[in-house]
Amino acid sequence: MKIRAVTGVKDILPEEIWKWQFIEEVSRETLEEYSFSEIRVPLLEYTELFSRSIGQTSDIVEKEMYTFEDSKGVNISLRPEGTAGVVRACIEHHLLSPSSMGKFYYMGAMFRHERPQKGRYRQFFQIGAEALGSGEPELDAEILSMLHLLMHRLGIKDTVLEINSLGCRACRPEYRKALRDFLKTKLDLLCSDCRRRFDANPLRALDCKNPACKDATVNAPQGMTHLCPSCMDHFESVKALLTELGIPFEINGRLVRGLDYYTRTTFEMTTDKLGTQNAVAAGGRYDGLVEELGGPSLPGIGFALGMERMAALLPENMERPAKIDILIAPLGAEARRQALLLLYNLRDRGIRAETEFREKSLKSQMRQADKIGVDFVGILGENELTRGVLLLRDMRSKEQTEVPLNKAVEELCQRISLKEKGESFPGHVKKPER
Ligand code: HAM
């Protein structure tokens, strides 16, 4: 019997990987412009890290983590998200100080044992950013503007930025009480999960997907009406700054997020193009998390975007960039030898070149060139060899020119670099020249 991939885990095949590389490349460039530094944290952490940060009563910790005991009986988990590990690493390696900001980004696999469906996997990839050290609303606006710019550069349209404020340690208890008082009258209507979480985590009833819970909580009190003056000022400033930056947003008072570490601003970028798994990126402030995990009292904010969902949203008319600049089509053994030498020198100059070492007719080599979409084909037949030339065919204009073999590398480098200057990744907004 054939062994298949584990349920909910997806292979990313070469035919799709270029989209991932594009997202990674543009994200990396954008994050570094905002002075975020890459950090790579482990896929394995002590389970306690996640129960203390994401929360014991969160869905992730309660039922979605891949957890096992190591040979010493210690509980280890595959990371379900990146924030906790980044904060743990920052504390462990003393990367945080009250005098400077810490800005970190990561790209990698996360694991959650959820029910698999389109856009929801058990192993999925995130690109995440965490900014630690400032509680000011300008940082919230900077993070959201970065996310907005990134989407624009990737050519991803039709997303909506939803924001909310969950308040702070001072005002959240009062809101929880108001919400609990409301939910108490609706307990019979709520699903078993929401009833169970009623005491420890009543906020989750607001983003429960169960239609009965949605109906029962239509008139539930919203967090925003219970914010303390300082949280209210903070939220008003974030909204004003976003408006000034020209970044559209919607207020969603039910956006409570499933991870317990959030305080104040929370947000999700959603789309109606992906069915029920509609969040492409999400995040928020976590002003108490660093301290909770044993570090200094420093606020933080961040987000993560889902790679699978982003790749599905890239513009449909995006063309796969040519993998190969030139195909050398040799006919016969001596031509293959010349092709080998030519290819070596072309690749040495950074040109992506390929050939056919099997005995194939010119017709079949041209068919192959069409199939892989190369821009140039260099034909080396008996006739060309005798005269010491390469017959260069521009596959777009169909023009053919003869180039002396001993000048072929120079000529090809020039033509290919000229072509590349005029092109960039489709969808990618070119930065203005400085
Ligand atoms: P999250 O909302 O759990 O937040 O995940 C962020 C994004 O990861 C989601 O919006 C979605 O695009 C993607 N995602 C989550 N679960 C899956 C899944 N099972 N399959 C496919 N994609 C998925 C966090 O993880 C926070 N750590 C974000 C954050 C960073 N908050 C502050 N800093």
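The values are calculated or read from the model by the stated rules, or taken from the named source; none is laboratory data. None of the values given here were measured: they were computed from a predicted structure. Neighbour counts are summed over all protein chains in view; Cβ atoms, including those assigned to glycine, are modelled from backbone coordinates with ideal geometry.
Numbers for the structure displayed
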{"item": "Subset of the stretch 135-153 (residues that are under 16 Å from the mean Cα position of the chain (by Cα) and within 14 Å of the ligand (Cβ to nearest atom))", "result": "Ile143, Leu144, Met146, Leu147, Leu150, Met151"}
{"item": "Residue within the stretch 119-134 that is assigned to a strand (DSSP E or B), surrounded by fewer than 19 Cβ atoms within 10 Å (Cβ to Cβ) and within 9 Å of the ligand (Cβ to nearest atom) present", "result": "yes"}
{"item": "Some residue of the stretch 93-102 being farther than 25 Å from Ala282 by Cα and touching a Pro at 6+ places or on another chain (Cβ under 9 Å)", "result": "yes"}
{"item": "Every residue from the stretch 280-315 that is under 24 Å from Trp18 (Cβ atoms) and either hydroxyl-bearing (Ser, Thr, Tyr) or within 12 Å of the ligand (Cβ to nearest atom) (or both)", "result": "Val280, Ala281, Ala304, Leu305, Gly306, Met307, Glu308, Arg309, Met310, Ala311, Ala312, Leu313"}
{"item": "Any hit, the stretch 252-269, residues being of a type outside the set (Phe, Trp, Tyr) and away from the ligand (no atom under 15 Å from the Cβ)", "result": "yes"}
{"item": "Scan of the stretch 307-334 for residues that are among the aliphatic types (A, V, I, L, M), assigned to a loop (DSSP other than H, G, I, E, B) and more than 30 Å from Ala84 (Cβ to Cβ), ordered by number", "result": "Met318, Ala322, Ile324, Leu331"}
{"item": "Complete set of residues in the stretch 376-424 that are in contact (Cβ under 8 Å) with a residue 40 or more places away in the chain and farther than 20 Å from Tyr344 by Cβ", "result": "Gly381, Glu382, Lys419"}
{"item": "Qualifying residue in the stretch 335-346 (condition: more than 30 Å from Gln123 (Cβ to Cβ) and in a loop (DSSP other than H, G, I, E, B))", "result": "no"}
{"item": "Residue list for the stretch 248-267, filter: under 20 Å from Leu179 (Cβ atoms) and acidic (Asp, Glu)", "result": "Asp260"}
{"item": "Count - residues of the stretch 109-118 that are buried (at least 20 other Cβ atoms within 10 Å of the Cβ) and touching a helix residue (DSSP H, G or I) at 6+ places or on another chain (Cβ under 8 Å)", "result": "1"}
{"item": "Residue among Glu308, Glu292, Glu319 that is more than 27 Å from Val26 (Cα to Cα), in contact (Cβ under 8 Å) with a residue 24 or more places away in the chain and of a type in the set (D, E, K, R)", "result": "Glu292"}
{"item": "Of all residues in the stretch 135-151 being of a type in the set (Asp, Glu) and touching a residue at least 12 places away in the same chain (Cβ under 8 Å), the one that is surrounded by the fewest Cβ atoms within 10 Å (Cβ to Cβ)", "result": "Glu138"}
{"item": "Selected residue [touching a residue at least 60 places away in the same chain (Cβ under 8 Å), in the same structural domain as Asn406 (by TED's automatic domain parsing) and out of contact with any Lys or Arg (no Cβ under 7 Å at 6 or more places or on another chain)] from Leu346, Leu341", "result": "Leu346"}
{"item": "Criterion: away from the ligand (no atom under 16 Å from the Cβ) and either farther than 29 Å from Ser230 by Cα or part of a loop (DSSP other than H, G, I, E, B) (or both) - qualifying residue of Lys177, Lys157", "result": "Lys157"}
